[in-house]
Amino acid sequence: MQNYQTQQSTVLEILDAHRTMPGSLLPILHGIQDTLGYIPPAAVADIASSLNLSQAEVHGVISFYHYFRDTPPGKHTVRICRAESCQSMNSKALENHAKQVLGIDYHETTADQTFSLEPVYCLGNCACSPSITIDDQVFGRVTPDKFDSLLAKFKGA
Amino acid sequence: MTRLFISRDSTALSLGAEQVADAFTQHTADRGQSVEIVRNGSRGLFWLEPLVEVETPQGRVAYGPVQEEDVAALLDAGLLEGKPHPLYLGNIEELPYFKNQNRLTFARVGITDPVSLGDYLANDGYKGLKNALALQPAEIVKHVTDSGLRGRGGAAFPTGIKWNTVLNASGEQKYIVCNADEGDSGTFSDRMIMEGDPFVLIEGMTIAGIAVGATQGYIYLRVEYPHAKIALNQAIEAAYKNGYLGENIQGSGKTFHLEVRSGAGAYVCGEETSLLESLEGKRGLVRFKPPLPAIVGLFGKPTIVNNVISLASVPIILDKGGEFYKNYGMGRSRGTLPLQLAGNIKHPGLFEAAFGMTLRELLYDYGGGSASGRPIRAVQVGGPLGAYMPESQFDTPLDYEAFAAIGAVLGHGGLVVHDDTTNLADMARYAMEFCVEESCGKCTPCRIGSTRGVEVIDRIVADVDKAKNTELLRDLCDTMLCGSLCAMGGMTPYPVLSALNHFPEDFGLHPTKA
Ligand SMILES: Cc1cc2nc3c(=O)[nH]c(=O)nc-3n(C[C@H](O)[C@H](O)[C@H](O)COP(=O)(O)O)c2cc1C
Ligand code: SF4
Ligand code: FES
């Protein structure tokens, strides 16, 4: 894990850039996660003092939203859709396969820090379920075989 | 210069559209052929994506589904001249799936370059705004009321009435908020509009702003839609540059500003008051109503909260008039609904039709039956809070009241098809589990009831005190129905009870009720 001192200037810059924006907390959290990959717990104090909120309030917001994370992710984040349309096309088998080949469960990161695995509830790609995303790319009609070849590709990248 | 059209829609991309576009760029360059590749939205015939259309003197000719390894052979066969090939489809608009739709809201999607203002203007774009600028605010609202448009986001509340409330509310600042959280499984029409014709949403929101005197709009977009965000921001930038957003819109003296805000993966933030909390930078807890958001909304100010499709339907209403729109549909369900066919279906896609078609027509005449070739057993309509409908209900017309009469909902128009391998007790359990995961936590029936619901279903399936636990499950559903503040807890019983009533055998129960 990185030392917060090396990240703090980034956090302060993001806070500064949002100073006049109404309802700025979510955009700030997105800004931090986009840049650092996660929201360092040590950043909460800076966010709170900048927005004149208590640290508990800021922490409450971060923990309410599934998308925000407070630990660094692996190099690539794999999200598997668990919602109904994907289930109708056997996403359960895909989930089991993914957990097995990665050797991790949801919300975990592989030991070599290459992949993090997260569940997601619908990607709007239900017309070709089952669907996954790897980082910002969506893939449809994902079979276990296709999953393996995608992993191989991202592992190399 | 020959123009090729290859979609930038997420679903087309998920099937390899980017690689196909790259292959065309590469191969045509190698051959010294000059082509322009337009990255359009999707026509919505997803089993044919990636679809490639080529502009010929005889009109557009389509090929699909195309993979990158097909590109060389397609060019050899004379794709640029619209010549035959095994993937040749002809004019996509002549296929029954496309031809028999009523494309009002989706008129341009899949046809134009989504972020080209020139394309938008050349295809009837901004005609609605032009008319609106010549009308009094109350007259704009009257067109929307006359059209019979009801909210497409789920609750089906008349849009004109909502607008009228905001118009008459006093406040120096008012807001237009577009609900682009589209979290329901089986729905993607909001995404397709935002990726395929973002200007129509921008125009609809601008008209809403002018109608009620709101000068600021926000699009609350779910974070799962990165491509929609890119397209929206490109279109917003073009609209600002050309005087369609900002101060003094088209010299009218009217002002409207617009910004996209990202959600963060919470289903409940699609509920309108929870969405407003989230926009304000808080946890997405549902607010008590009243006061309505129309009176006390974003930052305490009068606010219109409308779904993407509701707002994107406004430009055509203002272009052609409320009466024109109202002439489509049946009963109190007027206009068109963009239906979304998903799950285990042979021909998944977007089908915009006037209200009144039956589910069966849609599933079999257009959807082509299941993808697996097995019998269709159940269809969940209207997202995770919608009922599972058995075959005996497939003749129900797509109409808000007809669905309500059988304890189902049309919701956002998404259909998720399941074949006979799906176990409905599993789906009922999942519905409860989803509620556990996504409840905002404010009320007990939803927060705790859903956890108990999972356990009770597990006991029924494991054959522990079956009769007693089935009764308990029904009681629990009753408590959730009556004791929840919003439809998250209040409608989770829909999928659960419909599964229990129509598919008791999956719970190891004997069919008792019809
Ligand atoms: C749990 C829950 C989730 C919802 N999600 C959405 C959504 O993603 N998009 C949407 O437009 N409406 C959603 N709604 C409905 C909204 O609360 C609201 O009715 C709608 O945005 C109003 O716009 P409309 O009148 O144009 O439909 C949801 C409601 C509930 C209870
Ligand atoms: S029903 Fe559930 S989601 Fe809705 S307000 Fe109550 S706890 Fe929150
Ligand atoms: S349900 Fe998986 S993409 Fe929609």
For this session: Please give the per residue volume of the convex hull enclosing the alpha carbon atoms of the stretch A:76-155, rounded to a whole number of Å³.
Result: 74 Å³
For this session: Amide H neighbours of residue B:89 under 5 Å, at least 5 residues apart or on other chains, H built in the peptide plane: list them.
Result: B:62, B:63, B:64
Exercise. To one decimal place, what Kirkwood hydrodynamic radius in Å is obtained for the stretch B:66-181 from all pairs of distinct Cα atoms?
Worked result: 18.7 Å
Problem set entry | Residue-wise HN-Hα coupling along the stretch B:193-205, computed from phi with Karplus coefficients 6.51, -1.76, 1.60 (Hz; x: Gly, Pro) | 5, 5, 7, x, 7, x, 4, 5, 6, 4, 5, x, 5
For this session: Kindly identify the stretch B:116-210 as rounded, prolate or oblate by the Cα gyration tensor criterion: order the square roots of the eigenvalues as a ≥ b ≥ c, call it rounded if a/c is under 1.5, otherwise compare a/b with b/c, prolate if a/b is larger, else oblate.
Result: oblate
Problem set entry | Karplus-derived 3J(HN,Hα), 6.51/-1.76/1.60, for each residue of the stretch A:146-154, Hz, glycine and proline x | 5, 4, 4, 6, 5, 4, 4, 5, 6
For this session: For residue B:3, list long-range residues whose amide hydrogen, built 1.01 Å from N in the peptide plane, is under 5 Å from its own amide hydrogen.
Result: B:36, B:55
Seminar exercise, completed: Phi-derived 3J(HN,Hα) across the stretch B:305-310 with the Karplus relation (6.51, -1.76, 1.60, θ = phi - 60°), rounded Hz, x for Gly and Pro, is 10, 10, 5, 4, 5, 4
Exercise. Mind checking which of A:26, A:102, A:94 has the largest fluctuation in a GNM of chain A, springs on alpha carbons under 10 Å?
Worked result: A:26
Problem set entry | Charge sum, other residues only, whose C-beta stays under 15 Å from residue A:45's C-beta, Lys/Arg counted +1 and Asp/Glu -1 | -3
For this session: Output the pairs from A:146/B:346; B:142/B:241; B:99/B:130; B:174/B:289; B:142/B:282; B:174/B:282 with a Cα-Cα distance over 25 Å in this structure; if there are none, say none.
Result: B:142/B:241; B:99/B:130; B:142/B:282
Problem set entry | Long-range amide H partners of residue B:329 with built H, under 5 Å | B:335, B:355
For this session: Let me have the relative contact order for chain B, percent, based on Cα pairs under 8 Å that are six or more residues apart.
Result: 14 percent
Exercise. Measuring with a 1.4 Å probe in the full set of protein chains, what accessible area per residue, in whole Å², belongs to chain B?
Worked result: 35 Å²
Exercise. Translational D (Stokes-Einstein, µm²/s) of the stretch A:1-149 at 25 °C and 0.890 mPa s when Rh comes from the Kirkwood sum over C-alpha pairs?
Worked result: 146 µm²/s
Exercise. When we measure straight from the Cα of residue A:75, which lysines land under 16 angstrom away, once same-chain ones fewer than 8 places off are left out?
Worked result: A:153, A:155
Seminar exercise, completed: Check: C-alpha center the stretch A:1-73 vs C-alpha center the stretch B:213-252, spacing in Å is 26 Å
Exercise. To the nearest 20 debye, what is the magnitude of the charge dipole of the stretch A:76-155 about its Cα centre, counting +1 on the Cβ of each Lys and Arg and -1 on the Cβ of each Asp and Glu?
Worked result: 220 debye
Problem set entry | Sequence of A:21, B:1 from largest to smallest accessible area, 1.4 Å probe | B:1, A:21
Exercise. Could you work out Rg/(2.2 N^0.38 Å) for chain B, with Rg from alpha carbons only?
Worked result: 1.00
Exercise. Among B:455, B:172, what's the order by accessible area (1.4 angstrom probe), most exposed first?
Worked result: B:172, B:455
Seminar exercise, completed: Buried accessible area between B and A, both sides, 1.4 Å probe, in Å² rounded to 100, is 3600 Å²
Problem set entry | Cβ-placed point charges (K, R +1; D, E -1), dipole of the protein assembly as shown about Cα centre in debye, nearest 20 | 1300 debye
Problem set entry | Average beta-carbon neighbours from other chains, 10 Å sphere, peptide B:184-191 | 6
For this session: Give me D for the protein assembly as shown in µm² s⁻¹, whole number, from Stokes-Einstein with Rh from the Kirkwood sum over alpha-carbon pairs, 20 °C and 1.002 mPa s.
Result: 83 µm²/s
Exercise. Tell me, what is the percent relative contact order of chain A, built from C-alpha pairs under 8 Å that lie six or more residues apart?
Worked result: 19 percent
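If you take the square roots of the eigenvalues of the alpha-carbon gyration tensor of the stretch A:4-64 and sort them as a ≥ b ≥ c, do you get rounded (a/c under 1.5), prolate (a/b over b/c) or oblate? Let's see the in-between values first.
On the way: a/c = 1.34, a/b = 1.11, b/c = 1.21.
In terms of gyration-tensor shape, rounded.
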For this session: Find the relative contact order for the stretch B:437-489 and round it to a whole percent, using C-alpha pairs within less than 8 Å whose residues are 6+ positions apart.
Result: 46 percent
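The values are calculated or read from the model by the stated rules, or taken from the named source; none is laboratory data. Treat the numbers as computed from the prediction; the structure is a model and nothing was measured. A quick note on method: Cβ atoms are made from the backbone with ideal geometry, for glycine too, and the neighbour counts reach across all protein chains shown. Areas reflect the complete protein model, heavy atoms only, side chains present, ligands, DNA and RNA absent. Shrake-Rupley method; radii C 1.70, N 1.55, O 1.52, S 1.80 Å.
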